[in-house]
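Data block below; observations after.
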Amino acid sequence: MARVDITPGNPVPLAGYFTLKSRISEGIRDRLYARAIAFRDKDLTVLLLIYDLLMTTEEMVQKLKGRLEDTGARIIVTATHTHSAPGGYWDSFVPRIALGAYDPEALDRLCAFGEEAARSAMEDLAACRISVHQGRLPQLAKNRRDADGPVDDGLWALCINRSKAGKGKAILTGFPGHPVIVAERAFKQVSADFPGEVVRRIEEQVEFAAFI
């Protein structure tokens, strides 16, 4: 398991809303990370990369696969879908409207951070026990299109207990909500939104957490 801080040090275009004028950040509410979890079972190794970003792109996935080809791992790349993280990493007309002005170095920076997290996770492998837990959070989720429409209020957690000395528990979790909470209240603040808040609170109790 590993995490790398990807919080921008300077004002950046923020992703998440369709606007012809870039939404430039004016402060940081909380830190952003690229998190990596490596799983190995016999000859199969899987690397799960989770970014505090609006989205990933096919180009990002292919670049990461190229950078990590020597590991022999199968690569899965995902994003928490926060609407308050940097954009600028997709060079196409429509994505530019949603992700802000294109920065040719932005994608390379993100891939370098992801590679660093992935390689650190690969060096941190240890025997573990895994369990899966599911539950429901009634009335927390709402259907934005139809007030009486269906909702998915299921919460799940993958709990990892490791035998490595001093390196104990990890929790991978998810809940089907749409992270626009911070942007609705602080439109130009950099934030990992509620997925980041969930992870921060879980990591007060365990070594590592990640949100999908």
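Label-to-label distance for residue 45 and residue 78 is 2.2 nm, based on points extended 7 Å past Cα in the beta-carbon direction. For the chain, the average shadow cast by the Cα convex hull is 12.9 nm², which is a quarter of the hull's surface. The protection proxy used here, the mean number of other Cβ atoms lying within 10 Å of each residue, ranks peptides 5-16, 85-96 as follows, highest first: 85-96, 5-16. Applying 1/(1 + (r/R0)^6) with R0 = 22 Å to the Cβ-Cβ distance of residue 153 and residue 212 gives a FRET efficiency near 0.85. Only the Cβ atoms of Lys and Arg (+1) and of Asp and Glu (-1) were treated as charged; on that basis the dipole of the chain about its Cα centre amounts to roughly 380 debye.
Per residue, the solvent-accessible area of segment 54-212 (1.4 Å probe, heavy atoms of protein chains only, all protein chains present) comes to 57 Å².
Projecting label points 7 angstrom from Cα along Cα→Cβ for residue 203 and residue 139 puts them 3.2 nm apart. Split the accessible area of the chain by element, probe 1.4 Å, and carbon with sulfur accounts for 52%. In the structure shown, the pairs 42/65; 65/142; 142/169; 142/188 are assessed against 29 Å; a Cα-Cα span above that value is assigned to 65/142; 142/169.
The values are calculated or read from the model by the stated rules, or taken from the named source; none is laboratory data. Predicted model only: the values in this text are computed from it and were never measured. Using ideal geometry, Cβ is built from the backbone for each residue, glycine included, and neighbour counts are taken over all protein chains shown. SASA here: full protein model, heavy atoms, side chains in, ligands and nucleic acids out. Shrake-Rupley method; radii C 1.70, N 1.55, O 1.52, S 1.80 Å.
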